[in-house]
Amino acid sequence: MTGRLGGKTAIVTGAASGIGLCSASALAGEGARVLLADLDGTRAASAAGELGDGCAGIRVDVTDPHEIERMVGTAVDRFGQLDVLVTCAGAFHATPFDLIDPGEWDRIQAVNLRGTFLCCQAALRVMIPRGSGRIVTMGSLAGQVGGLAAGAAYAASKAGVAALTKSIARFAGPHGVTANCVNPGIIETPMIAAWPAEVRERTVGATPLGRVGLPEEVAALVVVLASDAASFVNGAHVDVNGGLHMD
Ligand code: NAD
C-alpha cells in the first residue's frame, strides 16, 4: 500500500512499448496493481512479469469492443476494482495528405480515436457505479498543430482524442471520475524510430529544451494525473513537449 497509488488498480493500453510501458512501470512503482494490455499480448505479459506480482498482461485489440470488455472484466476479476485507465495504444502514419486512402484513414481512427472511446466507455461502466476513477488519455502535439511528421489521419485522430476527453470530463465529473489528456511532443519511442533525420533535427532545433523527450517524462505526468494529487484536475490538456509548442 506504499506509494502515491498504493491500493489502486490500473489498466494501461499500449503497455508493451514506449510511453504505455513506462506509464505501467511508473504506476506500479507508485504501488498500483496494473493490467498491461496490448495488441502484442506476449510482450505485455513478459513486461508485467518484470513489474512484479501485482501486475498482469493481456492481449487486447482496442478496435474490438468485445476484447475491450474482456480486458476490463479481467482487471475487475483480478483486482476487484478499477481506479485508473491510461489509454496509450496508438497507430502512427506519415503518408502525405494526397496519398491517404480511405482504408488507411479508417485504420488510424479505429485505433487512436474509436479505440480510446471504446476503452473509456467500458472503464466508465465500472468506475461510475463506484463514484470514482481517473482516466488519462494520450493526445499529441500533432492534434494541436497538425502533424510535423505524422499524417493527417493521425493528427485528426489526436484532435479527436482531445475533444473526446473533454466530453468525458463533463459526463463523468459529476460521478467522481476525472478525465485528462496528455499531449506529448516528440518522445523517444519506437513510434518515431522511422522519422527522417532531417525532420527530427528540425523539431529538436525548434524545441527550447533542445532535445526529444523520454517516455519516462510522459509517464511521470501520467502518475500525477492518476493520483489524488490531481483530484481537482478535470478536462485538462497538459503538454509534455519541451516547449516546442506553447498555447
Ligand atoms: P509505441 O509504438 O512505442 O507503442 C504503441 C503501442 O500501442 C504498441 O505496443 C502497440 O502494439 C500498441 N497498439 C497498436 N495498435 C493497437 C491496438 N489496436 N490494440 C492494442 N494495442 C495497440 O508508441 P508510443 O510512442 O509509446 O505511443 C504511445 C501513445 O503516445 C500513442 O497513442 C501515440 O500516438 C502517443 N504519442 C506518441 C508520441 C511520440 O513522439 N512517441 C508523441 C505524441 C503522442
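Every number here is computed from the coordinates shown, using simple stated rules; none is lab data. Small disclaimer: the values here were computed from a predicted structure and weren't measured. Using ideal geometry, Cβ is built from the backbone for each residue, glycine included, and neighbour counts are taken over all protein chains shown.
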Take the alpha carbon atoms of segment 52-88, find their center, do the same for segment 185-219, and report the distance between the two centers in whole angstrom.
30 Å
Estimated translational D of segment 65-171 in µm²/s (Stokes, Kirkwood radius over Cα pairs; 37 °C; 0.692 mPa s):
225 µm²/s
Compute the long axis of helix 18-29 from its Cα atoms, compare it with the longest principal axis of the Cα atoms of the chain, and write down the angle in degrees, 0 to 90, nearest 10.
30 degrees
Kirkwood hydrodynamic radius (C-alpha pairs) into Stokes-Einstein, segment 121-227, 10 °C and 1.306 mPa s, D in µm²/s
105 µm²/s
The extension gain from GLU188 to ASP40, computed as 0.36 nm times the residue separation minus the Cα-Cα distance, is 51.3 nm
PRE zone check, label point 7 Å out along Cα-to-Cβ of ALA206, amide N under 11 Å, scope segment 228-247, hits 244-246
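Let me know the charge dipole size of the chain about its Cα centre in debye, to the nearest 20, where only the beta-carbon of Lys, Arg (+1) and Asp, Glu (-1) is charged. Spell out each step's value before the answer.
On the way: 18 positive and 23 negative charges, 127 e Å.
The calculated dipole for the chain is roughly 620 debye.
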Value at 222 nm in deg cm²/dmol, rounded to 500, when DSSP H runs of n ≥ 4 in the chain each add -39,500 (n - 2.57):
-13500 deg cm²/dmol
Mean separation of Cα contacts under 8 Å, 6 or more apart, over the residue count of segment 9-240: relative contact order %:
20 percent
Would you please calculate the Kirkwood hydrodynamic radius of the chain over all C-alpha pairs and express it in Å, rounded to one decimal?
17.8 Å
In segment 171-214, what trypsin sites (Lys or Arg not before Pro) fall in a loop by DSSP, with at most 13 other Cβ atoms inside 10 Å?
ARG211
Placing +1 on each Lys and Arg Cβ and -1 on each Asp and Glu Cβ in the chain, then taking the dipole about the Cα centre, the residue among GLY18, ASN183, LEU225 whose Cα reaches farthest towards the positive end is LEU225
Hey, got the Cα dimensions of segment 189-247 along the principal axes, in Å, largest first?
41, 25, 17
I want to verify a result. In a Gaussian network model of the chain, Cα cutoff 10 Å, which of these has the top mean-square fluctuation: VAL212, VAL111, VAL177?
VAL212
Per 10 angstrom bin, beginning at 0 and ending with the bin that holds the maximum distance, the Cα pairs of segment 106-152 fall in percents of 23, 41, 25, 11, 0
